[in-house]
Ligand SMILES: [Zn+2]
């Protein structure tokens, strides 16, 4: 399908651009999209790929439990695939999910515990629903875990706090999502920009 190929190419371009920003070192991070006409299936980046070489051929399909579909049964999805599944389930309008392992998300996450607050920055309007720099914006920080079932439950328990379409995982990185690639990118770039400003301002 043309739509699928288009999205694979656009997302591969985004992954490459994000890698150049230093957001996906050492094969880290994972990305996904889904389309309306294929329900209950998600296109997700293969794990273990050097993100400087990621291409439109490097997506596999998984079901909503994170298991590869039959045509991709020989591929192992990233352990973090379940995070994508939970986000699509929690926020049904979501079509694209992006992830970063940026330095500034890790640095900030060490300094704050449950949330990080921003206020007065014009770029806050990059988050869908924010119409003025005058609001106080809260971005949740979740404890990292290798137990994806436990982490999924943590996400579900905090989901009401995900009002700005992104969250931080402590000493790990950020996740951001949107109703299309453009919006997901805008959300990721907004949080990453705020994290960089906040860190440089205070150090
Ligand atoms: Zn990660």
Subject >> Spin-label pair residue 64/residue 9, simplified geometry with 7 Å Cα→Cβ offset, distance in nm >> reply: 3.1
**OP:** Compute the projected area of the convex hull of the Cα atoms of the chain, averaged over all viewing directions, and report it in nm² to one decimal place.
**Re:** 10.9
Subject >> Label-point separation in nm, residue 26 to residue 133, each point 7 Å along Cα→Cβ >> reply: 3.7
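As a test of the formula, what do you get for the chain when each DSSP H run with n ≥ 4 contributes -39,500 (n - 2.57) and the sum is divided by the residue count, at 222 nm and rounded to the nearest 500 deg cm²/dmol? Intermediate values should be presented prior to the final figure.
On the way: 5 runs with 71 residues, N = 203.
Helix contribution divided over all residues of the chain: -11500 deg cm²/dmol.
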Subject >> 17 Å reach of a label modelled at residue 2, 7 Å along Cα-to-Cβ, counting backbone N of segment 30-58 >> reply: 36-37
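Write down the percent of antiparallel bridges among all DSSP beta bridges whose residues are both part of segment 2-202, to the nearest 5. Before the final figure, lay out the partial values.
On the way: 25 of 27 bridges.
Here the share of antiparallel DSSP bridges comes out near 95 percent.
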Original post:
What residue among 192, 183, 122 shows peak mean-square fluctuation when the chain is described by a Gaussian network model with Cα springs under 10 Å?
Top reply: 122
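Answer rounded, prolate or oblate for segment 9-64, using the Cα gyration tensor with square roots of eigenvalues a ≥ b ≥ c: rounded when a/c is under 1.5, else prolate when a/b is larger than b/c, else oblate. Mind dumping the intermediate values first?
Details: a/c = 2.48, a/b = 1.94, b/c = 1.28.
Prolate, because a/c is 1.5 or more and a/b exceeds b/c.
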**OP:** Whole Å is fine, so just give me how far the alpha carbon centre of segment 167-203 lies from that of segment 1-22.
**Re:** 18
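Bear in mind that the values in this text are calculations on the coordinates, not laboratory data. Predicted model only: the values in this text are computed from it and were never measured. FYI the Cβ positions are ideal-geometry reconstructions off the backbone, even for glycines, and counts take in every protein chain you see.
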